[in-house]
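Structure, as structure tokens:
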Amino acid sequence: MAGNDFDEIRGRGAPGATPPGCGPGSGRRPQQKDDRHPSAGWGAAMSVGKVLLRSGQVMSGSKSMLTMNHENGGFDCPGCAWPDDRSGLHLDLCENGIKHVTWEMTKDRVDRAFFEQHTVTELSGWSDYALEKQGRLTEPMVYDAETDKYVPISWSDAFVLVGDTLRALPDPNMASFYTSGRLSNEATFLYQLWAREYGTNNLPDCSNMCHEASGRALQAALGTGKGTADIDDWDAAELIIVMGVNAASNAPRMLTALAEAHRSGAQIVHVNPLKEAASRRTIVPHEFGSMATFHPTPTGTLDIQPRIGGDLALLRGVAKALFEWHAEDPTVIDTSFIADNTHGFDDYRSCCEAEAWTEIVHQSGVTEVEIRNLADLYRKSSRTIISWCLGLTQQEHGVDTVREIVNLLMMKGNIGRPGTGPSPVRGHSNVQGNRTCGIDHRPTTEFLDALASECNFDPPRAHGLDTVATIKKMYDHKVSVFVGMGGNFAMATPDPTYTFEALRRCSLTVHVSTKLNRSHLVHGTNALILPCIGRTERDEQRSGPQSISVEDAMSRVHLSRGSKKPPSAHVLSEPAIIAGLASATLPHSSTDWQAYIDDYDRIRDTMSRVIPGFENFNSRVRERNGFRISQPARELDFHTPSGLAEFSCASMKDVLPPIGYLMLGTMRSHDQWNTTIYSDNDRYRGVKNLRTLVFMNQADMTRLGVPELGAVDITSYAKDGSTRQVFSYTAVAYDIPAGNAAGYMPELNVLCPIGDYSNQSGQPLMKHLTVKITPAGLG
Ligand SMILES: Nc1nc2c(c(=O)[nH]1)N[C@H]1C(S)=C(S)[C@@H](COP(=O)(O)OP(=O)(O)OC[C@H]3O[C@@H](n4cnc5c(=O)[nH]c(N)nc54)[C@H](O)[C@@H]3O)O[C@H]1N2
Ligand SMILES: Nc1nc2c(c(=O)[nH]1)N[C@H]1C(S)=C(S)[C@@H](COP(=O)(O)OP(=O)(O)OC[C@H]3O[C@@H](n4cnc5c(=O)[nH]c(N)nc54)[C@H](O)[C@@H]3O)O[C@H]1N2
Ligand SMILES: [Mo]
């Protein structure tokens, strides 16, 4: 049942009233001040201290930190996917990883008494912060329409409810199985096996909103969906170009790599419409000496601020400059690498030569002088890494842009040598492993063939639904069972007005979760909340304590084992929940689900025969630091149809908003993990007590008559002409190019139209919203 619409869709607000954000909403006065202190360091340490104190975790929290990310034993940080320090010398921690872990380890519990006290309608009016703050879920719950409450259900009854509902569907494609990227490799493998044995490839995941564009581009160009650079390459690079990522908040351990690269003389270029904290200086988190003396290390040597969506034009300009210089100096381009390993170079040259500088400058928003500056750095570097994240991928032409990165790298043979390569920054801690282990709505024939022969069933061959397609099919009553394996689908996806309705049209929604979130409240006719143990906790099965494995952003697979006591005696591990659901769904399954749960080594044995690169999985994953999945492209072995690395020549797109409009991107604050909000502060951007804001250029604010911290209404304009609005947001002047604006997800998902996704990747255009901003009440 829905709550008050304005309350429930938190980010929208109502005309003239202060909009409720997803955070705690302290009621304190919003502030913004220029707060340009170094990233990490004591500010981080103090902020961590506050979180530890708030969750009553000082002792056990700090003990857990000591076992996190350590090469022998311990658990993998459930935060981001940045690789661990492998020397074993550093305690490789970051502020946000610590917040993340302590958030999971809270002592608070959401038990049956809690659900007895609150109707779903009442909970719908709570902030997202307040929902998660209640603590860990403790037992399976089912929605009871009569009382509008969740009530306890036994695990076996819950499994039967799901199994019976799925078996009653006339077509398995009427169910969709979502994954959020922290599921372990083992759970992932079982999850996709359940969905495929049941009969569907409807396996949407969070990477449909994240790095789908990167996977598609790298696959087409290099025959692999992943980057080729390893963490050691970051140490060896002479030039690192970091594009569209807020590293200090979202991949803080990258700061260590950047600081070390700077010390060894590397150039570090940050390409971002906003000047983010990582482009300045950091106090390397594990260097306690420098923390004591406040001695920061630079982590950037040049900032380039393109307009939103301007990266393709910028990269094209760099390539064009190289071609021009090459006419006088034949060493500028690595012609022998190109001749031996690539295809399509001549076409690429023609397309760069045909592009006019005026258009490159106009579309990128960067002057020709600055572009040539960057090109000159690139020309002089013999080892270059280009790294990127959502600023490039959540765009209409994200695939073209990532391919342009590869084009540029190939021009100077920056693939397969130490210190070189493309290096996407992944999001969730195991989002890359999820794809490797079978979460793919477009599985390859080779994968399905191997699965068929190893697991003795005939998997469906037709492609399944991604995230946006799942929402549309639910809305159209074509999908009626939604399973969420982790995550917070209702809040993470675009267009809550449409998406909430889509979820409510389901006959059954099922969420496997650690904490209460809004996806539990926006539910189908029947609804289940199935609580699971987290990464930090002990997973005890018949053969003893189990480990799971994860793959980091640089293709290294290693074990993770939690040791903390689970939050209650009635939660199960994710593999055990999947096995229970699968057994109830598939009475004649060819899989012995219970045997897999008794001993996860058995899951790994099967995986070793299905997934390329996982041979001898059980023994290799137990080696110190695990193993790196072999990466043929790194050895210049390209699994493309031509057998060569492919240049591409996409035309540049018009990325500018129409006159009178602005381009707005949604992003994270420092104090949040996707839909989990820790506070209303964004320390590195100097913001306090405020999430319903929009960062704008001062000139735009002056032109529109908006004072600093003045209230504005924002309207987005979808491709189909429809509009969406948020009310009374606070305008914050910021160092962002004129014509561009930025604000926080998930509040601003209200502005993301369900129909506006990239035709290249299916990714919603979360960083490319055409908007009008007007003083509040005057729109
Ligand atoms: N602490 C913390 N860590 C996280 C997460 C979290 O929420 N909190 N989320 C995790 C996940 S799932 C992911 S996918 C990653 C996300 O990591 P990021 O990609 O850093 O995520 P965003 O906050 O969306 O920031 C996008 C950055 O892109 C910039 N940007 C916007 N538009 C453009 C553009 O057109 N061009 C360029 N060059 N830049 C642009 C923005 O200014 C911003 O700095 O982080 C992961 N790590
Ligand atoms: N506008 C806009 N929208 C975006 C983005 C953006 O930049 N702009 N970014 C997109 C991106 S990159 C991503 S990845 C998605 C994120 O989408 P999701 O991955 O779906 O969302 P999260 O907020 O990470 O999920 C948080 C929930 O996960 C559950 N959880 C936590 N730990 C565990 C665990 O160990 N097991 C299980 N089973 N559950 C657990 C908790 O219940 C918690 O409430 O959001 C996307 N949405
Ligand atoms: Mo992500």
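The phi-based Karplus calculation (6.51 cos²θ - 1.76 cosθ + 1.60; θ = phi - 60°) puts the 3J(HN,Hα) values of segment 463-474 at 4, x, 9, 8, 4, 5, 5, 4, 4, 5, 5, 5 Hz, whole numbers, x for Gly and Pro.
Take the Cα radius of gyration of segment 515-596 and divide it by 2.2 N^0.38 Å, N being the number of residues; the result is 1.30. About its Cα centre, the dipole of the chain is roughly 1640 debye, where the only charges are +1 on Lys and Arg Cβ and -1 on Asp and Glu Cβ.
Rounded to the nearest 5, what is the percent of antiparallel bridges among the DSSP beta bridges in segment 499-578? Beta bridges within segment 499-578, antiparallel portion: roughly 45 percent.
Over the chain, the fraction of Cα-Cα pairs per 20 Å bin, rounded to whole percents and listed from the shortest bin up, is 17, 53, 29, 1. For the chain, the antiparallel share of DSSP beta bridges with both residues in that region comes to about 45%.
For segment 627-769, the residue among Tyr757, Asn689, Pro746 whose Cα projects farthest onto the positive side of the dipole built from Cβ charges is Asn689. Taking the centroid of alpha carbons for each part, segment 387-438 and segment 573-637 are 26 Å apart.
Over all orientations, segment 351-400 has a Cα convex hull whose mean projected area works out to 4.6 square nanometres.
Using only DSSP helix segments of four residues or longer, with each worth -39500 (n - 2.57), what per-residue ellipticity at 222 nm results for the chain after dividing by its residue count and rounding to 500?
Numbers: 32 runs with 275 residues, N = 779.
That comes out to -10000 deg cm²/dmol.
Overall, the ratio between the Cα radius of gyration of segment 177-271 and 2.2 N^0.38 Å, rounded to two decimals, is 1.41.
Each of the peptides 256-265, 411-420, 536-545 was scored by the mean count of other Cβ atoms within 10 Å over its residues; in descending order, highest first, they stand as 411-420, 256-265, 536-545. DSSP assigns beta bridges within segment 630-741; of those with both partners inside it, close to 60 percent run antiparallel. Divide the volume of the convex hull around the Cα atoms of segment 247-396 by the residue count and you get 136 Å³ per residue.
The overall shape of segment 376-502, judged from the alpha-carbon gyration tensor, is oblate: a/c is not under 1.5, and a/b is no greater than b/c. The length gained on full extension between Arg109 and Gln541, counted as 0.36 nm times the residue separation minus their Cα-Cα distance, comes to 153.2 nm. If you look at the Cα atoms of segment 674-725, you get an Rg and a Dmax of 14.1, 37 Å.
Read the figures in this text as sums done on the coordinates, not as results from a lab. Quantities reported herein were computed from a predicted structural model and do not represent experimental measurements. Note: ideal-geometry Cβ built from the backbone for every residue, glycine included; neighbour counts use all protein chains shown.
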